[in-house]
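> Could you have a look at this structure, given as structure tokens, before my questions?
Bear in mind that the values in this text are calculations on the coordinates, not laboratory data. All of these numbers come straight from a predicted model, not from anything done at the bench. When we count neighbours, we look across all protein chains shown, and the Cβ atoms used for this are built from the backbone with ideal geometry, even at glycine.
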Amino acid sequence: MGNTALVTGASSGIGAELARLHAAKGGNLVLVARREEVLNKL
């Protein structure tokens, strides 16, 4: 992909899945979430 995505709600649900898919395609991510400990596990 080679582009950057800002994903809000990235610690769970649709946000987490979108982050995983984008990363798998080689994209850069900026992740935002309320639960830092869960976000760090991604």
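> Read through the list (1) in contact with a helix residue (DSSP H, G or I) (Cβ under 9 Å, 6 or more places away or on another chain); (2) surrounded by 14 or more Cβ atoms within 10 Å (Cβ to Cβ), then give the number of the only condition that Val38 fails.
Here Val38 clears every test but (2).
> Moving on. Let me confirm something: among Ala19, Ala5, which residue is out of contact with any Asp or Glu (no Cβ under 8 Å at 6 or more places or on another chain), small (Gly, Ala, Ser), assigned to a strand (DSSP E or B) and surrounded by 14 or more Cβ atoms within 10 Å (Cβ to Cβ)? Talk me through it step by step, then tell me what you get.
On the way: Ala19 fails: assigned to a strand (DSSP E or B).
On inspection, the qualifying residue turns out to be Ala5.
> List the number of the failed condition for Val30; all other conditions in (1) in a helix (DSSP H, G or I); (2) loosely packed, with under 12 Cβ neighbours inside 10 Å; (3) among the β-branched types (Val, Ile, Thr) hold.
(1)
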